[in-house]
Amino acid sequence: MSADARALAVGDRVFIVGGVGPQDDPASSTVLVFDTHENRWSSIRELGPTYDTVAAGNAIVTAEAEPTTGQVLLQRVVDGTPLALPRPVTTSRPHALGLALLPESARLILTITDSELGTTSLLALDLASPGATWKGVSTAPAETFTSPVETESTFRGTLAVLSGDRLLSLTRSGLSVALPGRATRLSAALYKTWGYCGAQGASVWTGSAFLMWGGQSCSGGSAAETAQGLAIDVR
């Protein structure tokens, strides 16, 4: 797996999700699990390439794409066992997606950007309610709000939750924020200002800033040639 994989700590386990597979697949279908108490590794085979993940209590939730149709699949992994979540209704293969958890309401947020329709849909699932289904929250033009994790490239941005259920998406074209019923692009061509493009790099949200490091430069160099990072404080 490459540097664009996600790592999450849940209890005594560390989950490593996504990244490029051994044959340079767009995303790996294997979740690696390290048990810090037992000091051993194990793996979980997902149904399709895994693009994003988020911690949800004592579990993680993964967003995958069905290999043939590209439809979004979601699973909740509890104690190493994957449990399927309801499928969101999508019309085509998403160009980008993102996952976030609203901690106060235990609602899972999924953003799906459809490049053919030119829109980004925000959906919510109540993880605390058995039998719950996905509910539409809002729809925004893709040029205004874009999901952070691209499914057809190695760019992996991050979806963060701010106060008031605001969502902040870090994408290759900049930052955008979504509120209930409204979305705004904060800045365009963000990385070119510093000569940083971030494909195959890593990104993390600290609670007040995005940190990014590694990956390709804007000139198309390999990840090994780039020793550069970027910090964006949004306070």
Can you give me the ranges of the strands (runs of 3 or more DSSP E) entirely in region 1-79 with at least 3 residues that are under 26 Å from Ala160 (Cα atoms) and at pLDDT 70 or above? 6-10, 13-17, 30-35, 50-56, 59-65, 72-78
Scan region 66-104 for residues that are under 19 Å from Trp205 (Cβ atoms) and either small (Gly, Ala, Ser) or without any contact (Cβ under 8 Å) to a residue 40 or more places away in the chain (or both) and jot them down. Ala96, Gly98, Ala100, Glu104
Just checking: which of the strands (runs of 3 or more DSSP E) contained wholly in region 151-235 hold 3 or more residues that are at pLDDT 65 or above and more than 20 Å from Ser121 (Cβ to Cβ)? 202-205, 209-213, 229-233
Which of the residues spanning region 91-132 are more than 20 Å from Gly157 (Cα to Cα), over 17 Å from the mean Cα position of the chain (by Cα) and surrounded by 14 or more Cβ atoms within 10 Å (Cβ to Cβ)? Ala106, Leu117, Asp126, Leu127, Ala132
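The values are calculated or read from the model by the stated rules, or taken from the named source; none is laboratory data. In this text the structure is predicted, and so the values were computed from the model without any measurement. With ideal geometry, Cβ positions are generated from the backbone for all residues, glycine too; neighbour counts draw on all protein chains shown.
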